[in-house]
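Structure record follows, encoded as structure tokens.
The values are calculated or read from the model by the stated rules, or taken from the named source; none is laboratory data. Just so it is clear, the model here is predicted, and its values are computed rather than measured. Glycine also receives a Cβ, built like all others from the backbone with ideal geometry; neighbour counts cover every protein chain displayed. We work out accessible area using only protein heavy atoms, side chains counted, and drop any ligands, DNA or RNA first. Shrake-Rupley method; radii C 1.70, N 1.55, O 1.52, S 1.80 Å.
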Amino acid sequence: MKLTQHTVRLVLAEPLRISRSTMTARDAVCLTVEHDGVSGHGEAVTSHFYGLDTPTLQRLAARTGERLARFADPGTALHALRAGELDAPGTPAAMTAATESALLDLAAKRTDTPVHRLLGAPVAPRTATARTISLTSPGRAAAQARSLAGAGFSVIKIKAGDRDHETDFDRVRAVRAAAPAAHLLLDPNGAWSESRARTLLPRFAELGVEAVEQPLAPGDPEALARLAARSPVPVIADEDAVTYEDARRLAGRVHGINVKLAKCGGVYAALRIAALIEGSGTDLMLGCLTASTLGIAPAVHISDRARWTDLDGHLLLAHDPWTGIGGSDGFVAAGERPGLGVRPRTEAGLRSAAS
């Protein structure tokens, strides 16, 4: 098998402001694995939070290509990946997930099968996804919420963590008034202390917020569990639930765990976490980083396992170089095309990197 790579700049349609940063663009490194004339694709995106810049991802991709060349076919390589025998020691989860994506896409295409069937789902998942509103003015948030509700979105995620807490409340009130039927999620990205969260969450509950992601700064999962035990709003762990062991420590102690393929290591790792928490009282949320359709697609193929789905990263882009999972009507869908079911847009301008 042969791996090649190229890098594309993903520019956001508008800046995404959260409590700890503002993002306007990021790079995506696309992996293409070819075997017997068939190609599979995966994507890893840069992330300051996870310490992944473009040169690092490109170097990791090249190293992955060297290791993949030892395997005779994608099935063998996938087995080795799941057993921890393909990646070099210390390979970041984002690169593991991208490699797995390319191999799954390739393996499924070779058997003319969509990925979700390889993963045990006979029907293609079609799931309502949340759509994110960043730390913007209440007026702007209301206009966005009104537009999203009109387009078909039934779940809206509102970023919180403004220095002025009243602005957060005003933003939520504005969204609620503009989209009265929408389910509201809140995401402070770890902006609050435990005591502050205890004060704020009852007020957000009164406004109809149905769940809150990672209200506390990551690094103290015990505090998150204490907060969840008394919170009037379901608490979902995100930055405090990266690995399987993180999930094991929090299972049954928080209301949800946000699993992102780029932080846990891919579809199989996500399904392992889902099996771990099943029946514990902790539900699965499927989240994502801002990425193209290619980067989001693997999670869409397992989205039927989740209580909450937040797979809107591709919808935040000014131009998505891939297509195939929808989302603009409030629903992401896997479809019945072989593999991941995605394809590049012919007009996409890709700038090549070392391959």
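Enter the accessible area per residue of the chain (Å², integer; probe 1.4 Å; all protein chains in place).
Details: 14140 Å² over 355 residues.
Dividing the accessible area of the chain by its residue count gives 40 Å².
Highest GNM mean-square fluctuation, the chain, Cα pairs closer than 10 Å: which of 196, 146, 126?
196
Could you work out how much longer the chain between residue 112 and residue 164 gets when fully extended? Use 0.36 nm per residue separation minus the Cα distance between them, nm to one decimal.
Numbers: separation 52, 0.36 × 52 = 18.72 nm, distance 5.36 nm.
Length gained, residue 112 through residue 164: 13.4 nm.
For segment 53-194, which semi-axes, largest first and in whole Å, follow from the square roots of 5 times the eigenvalues of its Cα gyration tensor? The partial results should precede the final answer.
Details: eigenvalues 345, 92, 27 Å².
The equivalent ellipsoid of segment 53-194 has semi-axes of 42, 21, 12 Å.
Tell me, what % of the accessible area of the chain is carbon and sulfur with a 1.4 angstrom probe?
On the way: 6930 of 14140 Å².
That share works out to 49 percent.
From the C-alpha coordinates alone, can you work out the Kirkwood hydrodynamic radius of segment 215-331, in Å? Walk me through the intermediate numbers first.
Numbers: mean 1/r = 0.0684 Å⁻¹.
Here the Kirkwood hydrodynamic radius works out to 14.6 Å.
Round to the nearest 10 and report in Å² the accessible area of residue 1, as given by a 1.4 Å probe over the protein chains' heavy atoms.
Per-residue accessible area (residue 1): approximately 40 Å².
Just 124, 61, 88 to compare: in a GNM of the chain, with alpha carbon springs under 10 Å, which one fluctuates most?
Of 124, 61, 88, the most mobile in the Gaussian network model is 88.
Residues with amide H under 5 Å of residue 27's amide H, sequence separation 5 or more or different chain, H placed in the peptide plane at 1.01 Å from N; which?
Distant-sequence amide H within range of residue 27: 10, 46.
Please list the equivalent ellipsoid semi-axes of segment 267-342, computed as the square roots of five times the alpha-carbon gyration tensor eigenvalues, in descending order and whole angstrom. Numbers along the way, then the final one.
Numbers: eigenvalues 108, 35, 21 Å².
So the equivalent ellipsoid measures 23, 13, 10 Å along its semi-axes.
Net charge near residue 171, counting Lys/Arg +1 and Asp/Glu -1 over other residues with Cβ under 14 Å of its Cβ? Don't jump to the answer; show the numbers that get you there.
Working: positive: 17, 140, 146, 157, 159, 163, 173, 176, 203; negative: 162, 164, 166, 168, 170, 187.
Cβ neighbours under 14 Å give a net charge of +3.
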